[in-house]
Every structure is written in structure tokens, then in C-alpha cells.
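Since every read-out is calculated from the coordinates, none of them should be taken as a lab result. None of these values were measured; they are calculated from a predicted model. All Cβ positions, even for glycine, are placed from backbone atoms using ideal geometry, and neighbour counts span all protein chains on display.
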Amino acid sequence: MLRLAVISVHGCPTMRAGETDAGGMNIYVLETARRLAAWGVRVDVFSRRHDPADPQVIDIADGARVVHICAGPVETGKEDVYDFLPDFWTGLEEFRRSEGASYDLVSSHYWLSGLVGLEAARRWGVPHVSSFHTLAEVKRRARPGERDMPERADAERRIAACADRIVVWTEHERQALCRLYGADPSQVVVIPPGVDTERFRPLDMAESRRRLGVNGDRVLLYVGRLERLKGLDILFRALASLEEAGDVRLLVVGGSDGAPELSRLQRLAGTLHIRERVDFLGSVDQACLAAYYSCADVCVLPSYYESFGLAALEAAACGRPVVASKVGGLPSVVRDGETGYLVGWRCPGPFVDRLELLLANDRLRRDMGEAARIHAQTLTWETCARRLLRLYECMVGRNGKQAGGSRACVAASS
């Protein structure tokens, strides 16, 4: 039986997506862990304790659990977690020894986890598969002035050089990793994430609007974290510029009360005189999201960069067209002119053009939504997890562990 140690330092899969620092990566870790466990893999997900009320161990499926590790104060933000990586490693190793556990392979998510993953692979003598989800150099180029920790880019280069394999979500990410970080192309594997097409499916629009208390206006929807890289300022300016926009509402799903970006966006909506037409709804449980997608006419992702864009895939699975920036992995989800539109400029005008076209044409929205649903059904979590399992089995070998020492190196946190 394969035993997998998943390291997701700041991205606990029990956190609700859309809250601060919780998004597509959290969903990815949760959904793949559950499906791998269903096929007999023992999965331990190690994440930093983020809620003092949470027990140390939470079962997320039969054979899969989340193990919370104390590393710094609970309220520590993602930007400060780096300083507590040695504490995280110490806590992880103490837990492993207390259980007498051994692992066949380490899977890490994000650069903070990658550093811990390198250390675990070196000490345990097992392969290390890393996923970055976002890259500092790509973010910096996508939005000049984007700030990040000075240690991040160098750490990402170290992980890219030392991990035994790197899993990316799109060919775009693979090329960026090789071009900007010098990663060996033979070590980088493209495995797209997926969507639960049973949970995310088309629901009756009128019933969804009645259930959620949304009136009969035309509805735009944004789902995701609230941060400047997501480009909501572009969407707000587009909404303010729509012709006959008086009956168009924008639902913003994601964010936490009191967050600085939420306050900034609320002020911007007031400045643009659209505050009464924008509903800030906060984060929403995954089980309820299908109703929000189904009550919308169009889903919009105006991001400066997206490594993939799970919200776009969820919207597609619910039969909704998506208007999105032509960046990162979004072109692999949104087929321009078929399931929605891709906008190649990060400014309001082109978004206005596409949104007005869709809002004015019921048949176009319906046809694109149907095509989006068909496309989404080719990208499921089962397909993603099976490809991951084949990769892990290949690396470990059916007769025992394959040491990852040929590419392992000491993490900065050792």
C-alpha cells in the first residue's frame, strides 16, 4: 500500500476556499487526497495549525487525514510563515516518529511547502514531487509592482533544481518554469486539475435566484480570493461603463470581513458609483457554490494572472459562459468564442464589449453554456488523481521505495 505525505504548509484543505490565502490549491489538495485514498493510498496532509479550535488530526476520507502542525502563532499570515518552517519540520517529524510512520513519497504544494518537502525527501530517502501553483517571477511579470518575499524566487529555483518531479497544471506553466527557472523539461509533468461535475452542474436559474434572494436583474459573478492580482478593479470599471447597466448586478464571492482588500474594493465601488449594484458576499461553502454559478448570466475572471482558474472550470461545469483574461492557464479552461471569451488586454474596454454582447443575447449565452458544460466534463478530479497515482507508482516502483537522493538537497529551513 502506497503511503503519501502531502505537505501544504499554509494551504489547509479544511479551510473554506475564498477566505484569506485559501483558494484553488486548498481545493486541489482536498479533492486529490480523497480520491487517492479511495483507491487504497494512505494520505497524510501536513498543514500549519490555523484555528485553535481544530483538533490536531481531522479525517477527510477513509484513509486520508489532515495533520495540523503548530508552527508560530495561529494568526501568522502567509508572508510570515517562512520564519517558522524549521518549527513546522520539527513538529512534522515528531508526529511521524510518534506514530512510527514511514512514507513512500512526498508531495509538496507551494514554495513554502517545497522547502519542507526537500528536507523530508532528503532525510527519509524518498522521492519528492513538488507543485508550485503560482510562481514569483510569473506574478511579477503579470503585474509590475507585485510584491513578494525576497526569499521566494531563489527558493523556487532551488526546489525546481532539486525536486524529483514537478507537477504543473498547464503547458503554459511548464514553459514558464523551464524558461524562467531553468527547470529540466523532462522533470516537469503537466496534469490539469479537475472539477466535481456532480456537485457543479447546471441548476434552474429562477430557483437558484429565489433560494439566494437574488432579484430578476442580469447577474455577473466573480468567485475567488480578494487580492489585487485578481483584477477586480478592472471588472468594477467595466461594470461602471456598461450601457444600460442599471439592472446589472455583480456578485462577489470570496474574501473575509475586515480584510484590507475588501475595504479597498468597497471604496472603489463607491467612487465609481456602483456600490449599490455590487454585493460582497464573503466566502461560500463549496456545497452551495453551484447555486451561485447557476443564478448568474456570466462568470467573470479579470485576473492579471491565474495558474489555472478553478472558478472558471466550476462555472463551466454549471453551464455558464466565462469572460476571462487571456493569461496563464485560463485559455485551457475557456475556449474563446466557444465556451466564453478571452480578453487579451488588462483594461475595462474589452471586457465591456464582451459582457454587453453576452448580456444582450440569450441564445449566445445558452449555447456557450452548453459547450462549457461539455468541455468541463473532460476535466474531472478522477482523471487528475489517476494520472497522479500513475506518476507516484512509477516513481516509487511496485517493489518499494525509490530514493530521491539523486536530486535531493538541503532545504533552507534545515
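Could you tell me whether the stretch 205-376 comes out rounded, prolate or oblate from its Cα gyration tensor? Rule is a ≥ b ≥ c as square roots of the eigenvalues, rounded for a/c under 1.5, then prolate if a/b exceeds b/c, otherwise oblate. Rounded, because the longest to shortest axis ratio a/c is under 1.5.
Loop-located GluC sites (Glu not before Pro) in the stretch 201-268 (DSSP state not H, G, I, E or B) with no more than 12 neighbouring Cβ atoms inside 10 Å: E243, E244.
Of the GluC sites (Glu not before Pro) in the stretch 308-397, the ones in a loop by DSSP (not H, G, I, E or B) with at most 16 other beta carbons within 10 Å are E338. By the count of neighbouring beta-carbon atoms within 10 Å, fewest first, T383, T378 end up ordered T378, T383. Fewest neighbouring Cβ atoms within 10 Å first, the residues W111, W381 line up as W381, W111. Please report the spacing between the Cα centers of the stretch 329-387 and the stretch 142-175 in Å, no decimals. Using only Cα atoms, the two centres lie 27 Å from each other.
Helix 362-376 and the longest principal axis of the C-alpha atoms of the chain enclose an angle of approximately 10°. Each residue of the stretch 347-361 was assigned a 3J(HN,Hα) from its phi angle through the Karplus expression (A = 6.51, B = -1.76, C = 1.60, θ = phi - 60°), giving 8, x, x, x, 5, 4, 4, 5, 5, 4, 4, 6, 5, 8, 10 Hz with x at Gly and Pro. The helix-based estimate of mean residue ellipticity at 222 nm for the chain, built from -39,500 (n - 2.57) per DSSP H run of four or more residues and divided by its residue count, is -12000 deg cm²/dmol to the nearest 500.
Taken about its Cα centre, the stretch 205-376 carries a charge dipole of roughly 180 debye when the Cβ of each Lys and Arg holds +1 and the Cβ of each Asp and Glu holds -1.
Helix 232-241 and the longest principal axis of the Cα set of the chain meet at an angle near 10°. Using only Cα atoms, locate the centre of the stretch 36-67 and the centre of the stretch 107-125, then give the distance between them in Å, rounded to an integer. Measuring centre to centre over Cα atoms gives 18 Å.
Assuming charge only on the beta carbon of Lys and Arg (+1) and of Asp and Glu (-1), the dipole of the stretch 355-401 about its Cα centre is about 380 debye to the nearest 20.
Most mobile of L180, L105, L289 per a Gaussian network model of the chain (Cα springs, under 10 Å)? Comparing L180, L105, L289 in the GNM, the peak value goes to L180. As a rough guide to protection, the peptides 302-311, 35-44 ranked by mean Cβ packing within 10 Å, highest first, stand as 302-311, 35-44.
Across the stretch 295-300, coupling constants 3J(HN,Hα) worked out from phi with the 6.51/-1.76/1.60 Karplus curve, θ = phi - 60°, read 7, 8, 7, 9, 9, 10 Hz, and Gly and Pro carry x.
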